1. Please compute the length gained on full extension between residue 191 and residue 30, using 0.36 nm multiplied by the number of residues separating them and subtracting their Cα-Cα distance.
2. For residue 332, what residues show an amide H to amide H distance below 5 Å, using hydrogens built from the backbone and excluding near sequence neighbours?
3. With r as the distance between the Cβ atoms of residue 17 and residue 319 and R0 = 41 Å, compute the FRET efficiency 1/(1 + (r/R0)^6) and round to 0.05.
4. Taking the Cα-to-Cβ direction at residue 246 and at residue 221 and moving 7 Å from each Cα, how far apart do the two end points lie in nm?
5. Between residue 200 and residue 115, what's the calculated FRET efficiency when r is the beta-carbon distance and R0 is 22 Å? Round to 0.05.
6. According to a simple spin-label model (label point 7 Å from Cα along Cα-to-Cβ), what is the distance in nm between residue 342 and residue 292?
7. Rounded to the nearest 5, what % of the DSSP beta bridges within segment 238-353 are antiparallel ones?
8. At a Förster distance of 45 Å, what's the computed FRET efficiency of residue 327 paired with residue 44, Cβ-Cβ distance as r, to 0.05?
Amino acid sequence: MPSPSRQHSPRERRPVSMRDVARLAGVSAQTVSRVSNGSPGVVEATREQVIAAMRELGYRPNSAARALKRGSFRTIGVILYTLATTGNVRTLEAIAARAAEEDYAVTLIPVAARTPEAVQGAFSRLNELAVDAVIVMMEVHLLDYSTVSLPPGTHAVVIDSEASEGYSVIDTDQADGAQKAVQHLLDLGHSTVWHVAGPAASFAAERRVSAWRSALAERGIPEPGLLRGDWSADSGYEAGLRLAASDCTAVFVANDQMALGVLRAFNEQGIRVPGDVSVVGFDDIPDSSSFSPPLTTVHQDFAELGRRCVDSVLRQMEENITEPGCDLIPTRLVVRDSTAEVPKQRSRSTCRE
């Protein structure tokens, strides 16, 4: 057994080797290697003896060497454009949590610019990084996928419903969520629904715009107006000021942060929510229930999205398969106090005085 208190010379600076551990534990270097790799066939008493020696010497197994030996780095790469959006942050959080449950680490691979060349550069770096698979969080849907290709043999999941064929696609059902929002407002008796959309370059924003238009068209209602924001509360505030000068009684906002800005603009202009205008957001961020008033919104299950992405790439790796196709996660409408039936008499002009 290793002694509990071994003195080391101050000059002893070289890294502790596997042979050092073997010498202290009184076993072969091969046995130390087996313990390091978690291999079966080592007597428990011997395993404990080796681990004790590792701790005493401060030895850490070479993870890169172990990875090369077993052909796996136990690391998942995540390619993404930005962490400035709520959806990306919460999805990445869920990916990291699920990966950790399976004893995998996560490596972020940022894309410098919103161009096919920049994305291909990020994909090419996969060959230089110690990752076993990749999850691609594609924020921009106007990308020419024909110019982007993964290194041969790389297992991947793409969070984008319009990815090219051959990829495993997992995403929130953006269209379903937007339709629920618009239908809710129309069912309350509003004659039409305005829309504050996200940036035109965003896949999620464009899918929600398309669903908003379809929901209105299904009831024979013309589009009253489309305003654009950049996902921020400030851009929602600017859109809210424009809506305050219109005849809007109902607005579907493409995310909760912009909806917060809309609520602020309405409040400053003396427009009551939901007394004068009903507002629906999208995402159901943790703070949306604390807005004034609490926000009716579409709930996205980011935790489930992250879990499914990790489970999919791990299954592909384990079975050495690809899983082309699209897996959409349902949404649900969370009704709170920011929506109501159309008032019989509108008092907006009075409220602004």
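1. On the way: separation 161, 0.36 × 161 = 57.96 nm, distance 7.69 nm.
Computed gain between residue 191 and residue 30 is 50.3 nm.
2. 299
3. Numbers: r = 37 Å, r/R0 = 0.91.
Efficiency, rounded to the nearest 0.05: 0.65.
4. 1.2 nm
5. Numbers: r = 16 Å, r/R0 = 0.73.
Efficiency, from the Cβ-Cβ distance: 0.85.
6. Going by the 7 Å Cα→Cβ label model, 3.0 nm.
7. On the way: 3 of 10 bridges.
Bridges in segment 238-353 that DSSP calls antiparallel: roughly 30 percent.
8. Values: r = 43 Å, r/R0 = 0.95.
After rounding to 0.05, the efficiency reads 0.60.
Every number in this text was worked out from the coordinates using simple rules, so none of it is lab data. Keep in mind the model is a prediction, meaning the values are calculated, not measured. Cβ coordinates were reconstructed from backbone atoms using ideal geometry, including for glycine residues, and neighbour counts include every protein chain displayed.
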